[in-house]
Amino acid sequence: MPSNAFSSHLLKLLEDAEELEDAHSKLKTGNVGRQHGLGSVNRAAVIMCVSAWEAYVEELVRESLEAIRPAGPAMGVWPSLNATVRGQLGRFNTPNAEQVRLLFSDSIGLSDVRLAWNWRNCPSQRAMERLGEVMTLRHQIAHGVNPRPTIHNYYSSQLPDSFRRLGLCTDEAVRTHLVDGLGIAAPWPMEPMESFPKWSWGTRRRVDRQ
């Protein structure tokens, strides 16, 4: 199983974006082409997906801190580390690739979690670029850029699956670092990637493996 951050935060919060996609489908006119009057639904989906990703990253850091907490009274450097990282989390509001890298590096010493963001037909550099694209859109929408950015439904409908895949890769990288790098007993059981539904940047709905 993946981390609690993944199963109880990322997956649950992404349901909001999928509800928006379902609403979009029901509001379609039936005409071919761009559906006028539904752009706000697509923009809202961008906001929901990025907020789910941000919440997931923050919770995974908290979960990781608890995993490295010494048994018994918290002594040594852990109390200082815990206080510092909790402070960082309070200021964390831009979950782009670089900020996520810094957060995991500062909190648990994982040098570059972004290197794990790769899967079939999507190397890590491309995954970072895609995250950068959606972060730019989120920024424009949240800060009232006028005219609003145009978000096509084809793009917004892919985002929940995109962030699920990104979350699975992040989970695996963090767990591997905790177990192999820090010698922590398995913080959470981790099934092979192949045992999860197949997600990618290019498909909205999951395709269950047969």
**Report entry** Distance from the stretch 40-70 to the stretch 84-154 (C-alpha centre basis), Å
**Finding:** 11
Query - Added length on full extension, which subtracts the Cα-Cα distance from 0.36 nm per residue, Ile184 to Tyr155 - result: 6.5 nm
Query raised in the report: What is the packing order of peptides 151-163, 110-122, 86-98, taking the mean over residues of other C-beta atoms within 10 Å and listing the highest first?
Result: 151-163, 110-122, 86-98
Query raised in the report: What ranking, highest mean first, results for peptides 173-179, 123-129 when packing means the other Cβ atoms within 10 Å averaged over each residue?
Result: 173-179, 123-129
Query raised in the report: How would you rank Leu182, Leu103, Leu14, going from fewest to most other Cβ atoms within 10 Å of each one's own Cβ?
Result: Leu182, Leu103, Leu14
Query raised in the report: Across the stretch 77-89, in residue order, what do the Karplus-derived ³J(HN,Hα) couplings come to in whole Hz, using 6.51 cos²θ - 1.76 cosθ + 1.60 with θ = phi - 60° and x for Gly and Pro?
Result: 8, 4, x, 5, 4, 4, 5, 5, 5, 4, x, 4, 4
Requested in this report: Take Arg43, Arg165, Arg62 and order them by how many other Cβ atoms sit within 10 Å, fewest up front.
Outcome: Arg62, Arg43, Arg165
Query - Prolate/oblate/rounded call for the stretch 41-134, Cα gyration tensor, a/c under 1.5 rounded - result: prolate
Report summary line: Subtracting the Cα-Cα distance of His143 and Arg120 from 0.36 nm times their residue separation yields 4.8 nm
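Values quoted throughout were computed directly from the atomic coordinates according to the rules given, and no laboratory measurement underlies them. What you are looking at is a predicted structure, and each value in this text was computed from that prediction instead of being measured. Using ideal geometry, Cβ is built from the backbone for each residue, glycine included, and neighbour counts are taken over all protein chains shown.
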